[in-house]
Amino acid sequence: MERKQISRWLTKLDYLLRETFLGLKRGGWMNWAAVSTVAVLLFLFGASLQVSWQLEGLLGQMGNQLEISVYLDEDASAEVMQQRLKLVDGVTALHLIPKDVAWERMLDDLGKIEMGEATQQLGGNPLVDEFKVRAVSSDRVPEIAKRISGLKGVNEVWYTNEVVKRLAELRKAMTNIGTLVTSVFTAIAIAVIGTTIRLIVLARRREIEVMQLVGATSTWIYFPFVLQGVAFGIGGAVVAYGMLSVVLNLLADAIVNQPELIKSLTVGLLNDLRVQFLLPIILLLFGSAVGVLGSLFAVRRFSASS
């Protein structure tokens with residue numbers, strides 16, 4: 001019994017594959033139009049996704065390195081302030097820089113100046129104790145800084161959030177643009193695949209009528225056309241990932257002789273495991289979904305009218 005069921009399933013699978021291949025063969029140049037459209041869609045989608053991942057990585061990297069500088073009042077106790085700062089929600093680490101240490105470092109940076117002489121000329125050490133506060137994430141830095149600035153004994157709070165803010169705005173803008181472009185090309189790809197499948201169905205109209213006369217169901221008749229749409233999506237995904245790989249390799253060659261800053265901004269993109277493993281899976285799934293939608297829109301009219 002099991003052998004018969006297996007044999008029956010293999011027969012059905014063989015039929016579906018043969019019918020799918022026959023339909024693709026009948027499609028001719030329209031197959032390339034469908035695959036090319038899907039490839040362009042997935043290339044733009046993949047590039048947008050990569051840029052979003054890169055900006056997200058930069059934001060995370062800057063968030064991990066970003067520290068809030070907290071300057072205390074002259075009469076504030078560093079020990080007391082340390083306990084207060086630990087109670088602030090979102091603070092993950094504290095590092096105290098005593099004013100004597102900061103003063104010595106500043107003199108070292110300015111050159112060889114006698115510490116005692118400089119202190120005497122300025123009437124004492126003009127600096128104050130400072131805490132380096134690490135936040136749990138870059139998104140919460142403004143909130144944490146605002147809370148710290150309200151603590152008694154805090155003279156000034158300083159943090160460099162402008163770059164993080166600009167990167168966040170850029171990421172949001174790129175995401176919005178990518179979503180818009182992807183939506184437009186998705187509609188175009190679905191329309192092209194739908195048109196291609198309709199032409200293939202029309203070319204096999206007589207065969208479909210014969211199958212209907214012998215009692216074949218609409219699902220059994222039109223399912224190979226859905227598989228053809230999936231084939232278009234997979235083919236477009238393969239082409240798109242190949243194009244993205246070429247672009248990444250060219251980018252890698254282009255940044256070899258660039259300044260370290262440029263390298264630091266792009267090295268994460270080139271070595272991101274998501275680009276190597278997750279991206280092709282996403283492209284295949286997205287391409288297959290577009291192919292299925294285009295096919296369903298095409299065969300729905302014929303199945304409904306038959």
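Before moving on, here are some points about what is shown:
Per-residue answers, yes or no, for (1) at pLDDT 90 or above; (2) of a type outside the set (S, T, Y); (3) part of a helix (DSSP H, G or I); (4) assigned by TED's automatic domain parsing to the domain that holds I200:
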{"site": "A237", "(1), (2), (3), (4)": "yes, yes, yes, yes"}
{"site": "Y241", "(1), (2), (3), (4)": "yes, no, yes, yes"}
{"site": "T266", "(1), (2), (3), (4)": "no, no, yes, yes"}
{"site": "L269", "(1), (2), (3), (4)": "no, yes, yes, yes"}
{"site": "R274", "(1), (2), (3), (4)": "no, yes, yes, yes"}
{"site": "A298", "(1), (2), (3), (4)": "no, yes, yes, yes"}
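Condition check ((1) outside any helix (DSSP H, G or I); (2) farther than 23 Å from A240 by Cα) across all residues:
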| residue | (1), (2) |
| --- | --- |
| L151 | yes, yes |
| K172 | no, yes |
| V192 | no, no |
| T195 | no, no |
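- Counted as qualifying within segment 76-132 are the helices (runs of 4 or more DSSP H) with 2 or more residues that are at pLDDT below 85, surrounded by 10 or more Cβ atoms within 10 Å (Cβ to Cβ) and among the acidic types (D, E), namely 99-110.
- Candidates I177, I190: the one that is under 26 Å from the mean Cα position of the chain (by Cα), surrounded by fewer than 18 Cβ atoms within 10 Å (Cβ to Cβ), modelled with pLDDT of 85 or more and hydrophobic (A, V, I, L, M, F, W, C) is I177.
The values are calculated or read from the model by the stated rules, or taken from the named source; none is laboratory data. Predicted model, so just to flag it, every value in this text is computed and none were measured. Neighbour counts run over all protein chains shown; Cβ positions are idealised from the backbone, glycine included.
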